[in-house]
Each structure stands twice: as structure tokens, then as C-alpha cells.
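The values are calculated or read from the model by the stated rules, or taken from the named source; none is laboratory data. Computed from a predicted model, the values in this text were never measured in an experiment. In this analysis, Cβ positions are derived from the backbone assuming ideal geometry, glycine residues included, and neighbour counts consider all displayed protein chains. Areas reflect the complete protein model, heavy atoms only, side chains present, ligands, DNA and RNA absent. Shrake-Rupley method; radii C 1.70, N 1.55, O 1.52, S 1.80 Å.
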Amino acid sequence: EKMHQLTNSAEYRLRFEVLIRGVWYSDEYVHFKINSEFEKYSINVSGYSGDKANVLNSPYSNVVHNGMKFTTYDQDNDLAPFNCGLQYASGNWFNWCGFQKINQEYGSYYFYYVHSPTITYCRMMMKRNA
Ligand SMILES: [Ca+2]
């Protein structure tokens, strides 16, 4: 709810940072908005730049996160016939589950095409545009 309020009060950007085998990678969207509770806190991003992957706009349409509603273990708002939040033990803007799984349980899944044990650190940050 706070992210919705903030991103609708001003222009915000969203940044992903991951540390993989000792190297930091970042991906950024210059426009970032979270819609209202009525819209299930769906996400809208545009203006990608970065050096790893356009993680919210995968080339595979069934895992594009952009425009998706937020799913949790008890709120199935994704497009899969099951709950991706339960399946992957996380909350996310799942489509038919995901491409980016930054909140996912450690040890068995993937992020940026990389098996998660190789990721030392990952974070999402938002910042008001100047
Ligand atoms: Ca579902």
C-alpha cells in the first residue's frame, strides 16, 4: 500500500541489484508504479536500462511480470491454474509464475537464468526521480 501511495504521488524508478560469483549486476526502470489494492497492486514499469536482463519484461510472454497483479501464498492473482506464490514460496508479480524470483526460497530455483546458490546478495530499491 505504501509503495502504491509513493509511486502515485511522484515519479519513481526501480532498481534491481544482484551479486553473482563476486560481480554486481544491476537493472533499472526509470518509470515505476504500483497500482491500487483494487487493482491487486499490479506493477507497471518502463524505460529499462541495465547489464543483466530486462527481468520484468522477459522475451517469453508467459513470464512477463510487467502489468501483473501481486500474488502471495494466500492471494492467488497470477495466471497459472495453481498459486505461483505457494509453488515458489514467495510473493511476487507472477504471470504464469516467473522469470525474476528475487523473493524466492533460497537453494533450489532460478533468477537471471542463474541457480540461486550462486547469488550472494540481491535487492530491489526504489528512488524518487529528480
Ligand atoms: Ca493462479
Review point. Is there a residue being in contact (Cβ under 8 Å) with a residue 40 or more places away in the chain, over 26 Å from residue 120 (Cα atoms), open to solvent by less than 10 Å² (accessible area, probe 1.4 Å) and among the β-branched types (Val, Ile, Thr) anywhere in region 8-21?
Key: no
Practice item. Answer yes or no as to whether residue 92 is of a type in the set (S, T, N, Q) and open to solvent by 40 Å² or more (accessible area, probe 1.4 Å). Key: no
Check your understanding: Does residue 130 satisfy the criteria of being open to solvent by 30 Å² or more (accessible area, probe 1.4 Å), closer than 27 Å to residue 47 by Cα and at pLDDT 75 or above?
Key -> yes
Study note, to complete from the structure: Across (1) modelled with pLDDT of 90 or more; (2) under 28 Å from residue 10 (Cβ atoms), residue 76 clears everything bar (2)
**Study point:** Those residues of region 111-127 which are of a type in the set (Ser, Thr, Tyr) and either surrounded by fewer than 16 Cβ atoms within 10 Å (Cβ to Cβ) or at pLDDT 65 or above (or both), in sequence order
**Key:** 113, 118, 120, 121
Study note, to complete from the structure: Over region 33-74, the set of residues more than 25 Å from residue 89 (Cβ to Cβ) and either in contact with a strand residue (DSSP E or B) (Cβ under 6 Å, 6 or more places away or on another chain) or surrounded by 12 or more Cβ atoms within 10 Å (Cβ to Cβ) (or both) is 33, 36, 44, 46, 47, 48, 49, 50, 51
